[in-house]
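A.B. asks: My questions all concern the structure below.
What follows draws every value from the coordinates through simple rules; no lab data is involved. Only a predicted model underlies this, so the values are computations on that prediction, with no experimental measurement involved. Neighbour counts run over all protein chains shown; Cβ positions are idealised from the backbone, glycine included.
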Amino acid sequence: MDRMSVIEEFAGIQLPGHLHTPESLQYAQNFKFKEGDVLIVTYPKSGTTWMQEILTLIYSQGDTEIAMTIPNWERAPWLEHTYFKVTLKEGEGPRIITTHLPSSVLAPALQNSKAKVIYVARNPKDVAVSFYHFHKMAKFLPEISSFSEFLELFLKGKVCYGSWFDHVQGWYRQKNNLDFFCITYEDLQKDLRRSIKKLCGFLGCPMYSEEVDKVEQHCRFPVMSQNVMVNYMLIPKEIMNHDQSKFMRKGVVGDWKEHMTQEQSDAFDKIFQEKMSGCYLQFLWNL
Ligand code: A3P
């Protein structure tokens, strides 16, 4: 038995109890955001770590020192994790905060705040594949015997952080209530440079072209997958076992085609059509 998974329910969604306690979740829900705070919001496996790295590099004007010496969970800590209070950086510069919590839990704390919210969404077929592989290596998540089993749970929203559909729809509906910027994993893949420039515009953080070059270069998959400050190789094997699957696994669009049968893909499309009506986000399924 190499699993340490304890799944807790909070506000109707499953969460890994190893990372969150009722107190840490309460703290997240009542958190007082300050002007200048930047909140990265994602459903798991949607490009969270990528965005943490991009923002770190934007705020350092392309200087890689922070990115190469401080782990991502310290420079952009998870609001809902037990260690958040002790890790949050106070002092100069904007605080970068990360969360996977759904809008039903967090939107009230953000109302009337001046925090900037960056939502990263990824096409859900690739999310499901990436999340499945993550379950193999992350020992704080339940053991899953096959991709088919996981897909079924994923489509029912019976996985940690709940339904992908509710997460994306819930946050998307907040777009006019918050200082909100939405970008997809596929946008980042298609044109990283353009995405970085758009982010700079949203953050009010102008950069010289050479600085954008540095951000772009540093945030490419081959570079990030070698950076121990973001590839999770610093985490003990008992918690994340990279022999089972790497955290920086493939970093591509369309890997779902290697995992899903035609039947599974058709059933997925049907659910997607039903659940995503009214959401005008465009997802790319292949590149
Ligand atoms: P795969 O498992 O499909 O490879 P998160 O950070 O939200 O947990 O998301 C992890 C996913 O983002 C993994 O997807 C990982 O490989 C991918 N990823 C991380 N950095 C990336 C980058 N620079 N370029 C492309 N994909 C990246």
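A.B. asks: What percent do you get for the relative contact order of the chain when only Cα pairs under 8 Å and 6+ apart count?
C.D. replies: For the chain, the relative contact order is 25 percent.
A.B. asks: So what's the chain giving for Rg/Rh, alpha carbon basis, Kirkwood Rh from the mean inverse pair distance?
C.D. replies: On the Cα set of the chain, Rg over Rh gives 0.93.
A.B. asks: Per-residue counts of other Cβ atoms within 10 Å, averaged by peptide: what ranking do you get for 66-78, 273-285, 112-124, 139-151, highest first?
C.D. replies: On the way: 66-78: 18.8, 273-285: 12.7, 112-124: 21.1, 139-151: 15.8.
Packing order, densest peptide first, comes out as 112-124, 66-78, 139-151, 273-285.
A.B. asks: Want the number for Ile66 to Lys175: 0.36 nm per residue separation, take away the alpha-carbon distance, what's left?
C.D. replies: The Ile66-Lys175 span can extend by a further 36.2 nm.
A.B. asks: Lysines within cross-link reach of Lys85: Cα-Cα under 17 Å, excluding same-chain residues under 8 positions apart?
C.D. replies: Excluding near neighbours in sequence, the set is Lys32, Lys34.
A.B. asks: Quick check: the distance between the Cα centres of the stretch 205-230 and the stretch 94-155, to the nearest angstrom?
C.D. replies: Computed from Cα coordinates, the inter-centre distance equals 24 Å.
A.B. asks: Give me the compactness ratio for the stretch 211-284, meaning the Cα radius of gyration over 2.2 N^0.38 Å.
C.D. replies: 1.54
A.B. asks: Note the per residue figure in Å³ for the convex hull of the C-alpha positions in the stretch 97-200.
C.D. replies: Dividing the Cα hull volume of the stretch 97-200 by its residues yields 119 Å³.
A.B. asks: Here is a further query. Which order do Met229, Met248 fall in if you start with the one that has the fewest other Cβ atoms within 10 Å?
C.D. replies: Ordered by Cβ neighbours within 10 Å, fewest first: Met248, Met229.
A.B. asks: Let me ask another. So if I restrict to the alpha-carbon atoms in the stretch 40-179, what is the Rg, and what is Dmax, the biggest pairwise distance, in Å?
C.D. replies: 16.0, 48
A.B. asks: Could you please report the charge total around Gly157, scoring K, R as +1 and D, E as -1 over all other residues with beta-carbon less than 12 angstrom from its beta-carbon?
C.D. replies: On the way: positive: Lys156, Lys158, Lys275; negative: Glu152, Asp166.
The answer is +1.
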